1. Quick check on packing: order 327-337, 248-258, 205-215 by the mean number of other C-beta atoms within 10 Å, highest mean leading.
2. Determine the per residue accessible area of segment 4-353 with all protein chains present and a 1.4 angstrom probe, expressed in square angstrom.
3. Given +1 on the Cβ of Lys and Arg, -1 on the Cβ of Asp and Glu, and no further charges, what dipole in debye does segment 4-353 carry about its Cα centre, rounded to the nearest 20?
4. Taking the Cα atoms of segment 4-353 alone, what are Rg (to one decimal) and Dmax (as a whole number) in Å?
5. Share of segment 4-353's accessible area from carbon and sulfur, percent, 1.4 Å?
6. What Rg and what Dmax come out for segment 99-228 when only alpha-carbon atoms are used, in angstroms?
7. Set the Förster distance to 56 Å, then compute FRET efficiency between residue 94 and residue 239 from the Cβ-Cβ distance, nearest 0.05.
8. Let's test the formula: R0 of 35 Å, r as the Cβ-Cβ distance of residue 296 and residue 112. What FRET efficiency results, to the nearest 0.05?
Amino acid sequence: MYPTALTQLARANPFSAPLFSLQKVEEPQHSLHGQKPRRLAAAATADEDVSCEFGSSKYYALCGFGGILSCGITHTAVVPLDLVKCRLQVDPDKYKSIGNGFAVTVREDGVRGLAKGWAPTFIGYSMQGLCKFGFYEVFKIFYSDLLGEENTYLWRTSLYLAASASAEFFADVALAPMEAVKVRIQTQPGYANTLRQCVPKMFAEEGIWAFYKGVVPLWMRQIPYTMMKFACFERTVEMLYKYVVPKPRSDCSKSEQLVVTFVAGYIAGVFCAIVSHPADSVVSVLNKEKGSTAVQVLKRLGPRGVWKGLVARIIMIGTLTALQWFIYDSVKVYFRLPRPPPPEMPESLKKKLGLTE
């Protein structure tokens, strides 16, 4: 039997890695039609009314569709706040605060000026959402199958981090062109007012590289953000059902489950904003200026400059992340996709830890 303190650590600490290894025990495997059984820790219940198999092509496609809606709609909705945040980052002398930024923008460009960059925002973040959420489901199941059921439970936080980082790598490649266009429209008054004006102008002046020079800073910003977003969300949901919600998830209504999703998403969003803000500042300045590199911008901004606009970003990203998870989970509910419950320790692991007879 393993030591009691170690057992408690493995069960209670939400971000710990297991400090011990388990011996492989050969157990009989049963599957239908000779297929390899899926060994994800959190699997949908067998009697749940679902429209497709967990991990099927239809499941991935609908998850990707949910990602398009969750990211495209939410990022477009907060374009005015995002515009002011970007201007705070690139021109703090002119835009001194959130309120001042809104006032100056409305005075110079009118109320319609607050919507600048909405088209590239919608297109870019829709593509990012498709890859982010769709590939996250793919990589989560893929890595879980590699680890096996017991290690999936023990290393679930690492699993969430690895799957989300892998997904975001591809999502940022899809996002980079429209992000560059959006920032150029928002931070260079007079350069271009619409997507159709900006894209050909950028291509004529700088070539195809104009749309991808910010991809590395995007990785710097988005990969830590997404790792925090998914891992913190998954573990927060687990903790809420374990310590806050007075009944098991299986006894909660769909609306009650979506409330838990929203709360966990907001908590995750606050941490996401803090982790990713310095890189976000670099991306905003980099896409405004020609010929600058990420290192040059970082040196020029300095330790204090990279935190400009943090309050606006916390408000924006907290709300954004909560709404994204709410929309994404709502899509799963609407299309009756398998929605795995919070992970539980496998019976075989409980036996090895001496928790059951």
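The values are calculated or read from the model by the stated rules, or taken from the named source; none is laboratory data. This is a predicted model, so every value here is computed, not measured. Neighbour counts run over all protein chains shown; Cβ positions are idealised from the backbone, glycine included. For the accessible areas, the whole protein counts, side chains as well, though only heavy atoms, and no ligand, DNA or RNA atoms are used. Shrake-Rupley method; radii C 1.70, N 1.55, O 1.52, S 1.80 Å.
1. Values: 327-337: 18.1, 248-258: 12.7, 205-215: 15.1.
Packing proxy ranking, top to bottom: 327-337, 205-215, 248-258.
2. Using a 1.4 Å probe on heavy atoms only, each residue of segment 4-353 averages 47 Å².
3. On the way: 41 positive and 29 negative charges, 193 e Å.
Dipole magnitude for segment 4-353 comes out near 920 debye.
4. Both quantities, over Cα of segment 4-353: 22.1, 72 Å.
5. About 64 percent, which is the carbon plus sulfur part of the accessible surface.
6. Here Rg and the maximum Cα pair distance are 18.7, 60 Å.
7. 0.85
8. So, using R0 = 35 Å, E works out to roughly 0.55.
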